[in-house]
């Protein structure tokens, strides 16, 4: 059984509640009653779905089921729960009286989901003592030390150029710098580990002395990750979700680095050769559930993980748009969600379907995509254009806080 939110509110109406003159102690109670939270549940037998619907109705909520569910003319139906957080919490309690295995399982999973949504991880601390706070949207600046990356390949190959670019991104508002020494563009081949080390480690060593923000190493190789953390990197960003190199999990455990679980279907060489999914959101949610469970069983601390659905890595343009729309689904785990749509080909196809715009002309669509995901709950966006995203963030926070000062 797989379930996830179709939407989850980023903000309550806390300020407005207080403006009325309400007792501040009641804010948390009212905040649970302000929004309907649709929870999608896959593949439930009609008899169980009918019980779910009746219990939700009794709580002034509802449940959307197949039109033939009532008559049990179908084998399975998906269900969408419709209720405020308060209603959903009461529904969890109601389910406890039912002995049916399906409802017992739903009760357990729904309670975990609601806990994760209400009490997500808000800070993470790296092995080098740098703390990442998720109280506002964060910007991860991309620094590719490669000759062949799809947008900025070849621009920052020397240590001096790379350091200058990283310092510039920090000044422009980057909260994290993500350093990659191997291109993962569609059709690319892996490079020798020695070459990846020579491209990245000297830069990490220099930047950790110059910058006060976390450094991330973008790699699928355990040796590169290990050396990078030893050199001062705080985060290991692995598009394979720590699956390409079996030794990666040991590196996470031993270094206590923050780990970004990426998703890719295939390898960079073949990932765009007819990627198919029956239901891309369901499959990605199940993938992250498996990865989190596997990593934590091996000793990785869940509170040090981040999830990234990886726009473009073994997905069609339609898949990518579905993932962006359903960013909230990936908040199911109580972990920070990273989204990286920066100048990706899908955005070029949106603007010109028959003759996609080149990466150089995809900035505005990148900003639109990332704004949407921030509003849907993404904690971090991974970007080439830091200044533009910082302007976007300042605007978003000014509106949210009703203040020209984004510090309020």
If I take every Cα pair under 8 Å that is 6 or more residues apart in the chain, average their sequence separation and divide by the length, what percent do I get for the relative contact order?
15 percent
Taking 25 °C and 0.890 mPa s as the conditions, I'd like the Stokes-Einstein D for segment 149-230 in µm²/s, using the Kirkwood hydrodynamic radius from alpha carbon pairs.
186 µm²/s
Pairs of Cα atoms farther than 14 Å apart, segment 1-51, %
64 percent
Points 7 angstrom from Cα along the Cβ direction at residue 136 and residue 171: gap in nanometres?
2.0 nm
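Need one number: % antiparallel among DSSP beta bridges in the chain, to the nearest 5.
Close to 35 percent.
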Cut-off 17 Å (backbone N to label point 7 Å along Cα→Cβ of residue 318), residues of segment 348-391
349-350, 353-354
Report D for the chain in µm² per second (integer): Stokes-Einstein, Kirkwood Rh on Cα pairs, 37 °C, 0.692 mPa s.
145 µm²/s
Cα-based convex hull, segment 281-353, per residue volume (Å³, whole number)
86 Å³
Size of segment 64-124 along its principal axes in angstrom, Cα-based, largest extent first?
49, 23, 20
Hey, rough spin-label estimate for residue 357 and residue 159, points 7 angstrom out along Cα→Cβ, what's it come to in nanometres?
3.9 nm
Taking just the alpha carbons, could you work out the radius of gyration and Dmax for segment 224-296, both in angstroms?
13.7, 42
A correct Kirkwood calculation over the Cα atoms of segment 18-101 returns a hydrodynamic radius in Å of 14.0 Å
I'd like the FRET efficiency for residue 298 and residue 277, computed as 1/(1 + (r/R0)^6) with the beta carbon distance as r and R0 of 41 Å, rounded to 0.05.
0.90
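Does segment 256-408 classify as rounded, prolate or oblate by the C-alpha gyration tensor (a ≥ b ≥ c root eigenvalues; a/c under 1.5 gives rounded; else a/b over b/c gives prolate, otherwise oblate)?
oblate
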Rounded to the nearest 5, what % of the DSSP beta bridges within segment 217-324 are antiparallel ones?
0 percent
With N residues in segment 335-391, Rg(alpha-carbon) / (2.2 N^0.38 Å) equals 1.12
The alpha-carbon center of segment 286-311 and that of segment 314-360 are separated, in whole Å, by 21 Å
The helix 222-231 Cα axis meets the longest alpha-carbon principal axis of the chain at an angle in degrees, between 0 and 90 and rounded to 10, of 70 degrees
Convert 4 °C to kelvin, take the viscosity as 1.567 mPa s, use the Kirkwood radius over C-alpha pairs of segment 196-259 as Rh, and evaluate the Stokes-Einstein diffusion coefficient in µm²/s, rounded to a whole number.
113 µm²/s
Between residue 250 and residue 22, the two model label points (7 Å from Cα along the beta-carbon direction) sit apart by a distance in nm of 5.4 nm
Residue 290 to residue 70: extension gain in nm, 0.36 nm per residue of separation minus the Cα-Cα distance?
75.9 nm
Over segment 130-276, how many percent of alpha carbon pairs lie in each 10 Å bin up to the one with the longest distance?
12, 43, 36, 10, 0
Report for segment 94-203 the percent antiparallel among DSSP-assigned beta bridges with both residues inside it, nearest 5.
40 percent
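Read the figures in this text as sums done on the coordinates, not as results from a lab. This one's a predicted model, so the numbers in the text were calculated from it and none came from an experiment. Using ideal geometry, Cβ is built from the backbone for each residue, glycine included, and neighbour counts are taken over all protein chains shown.
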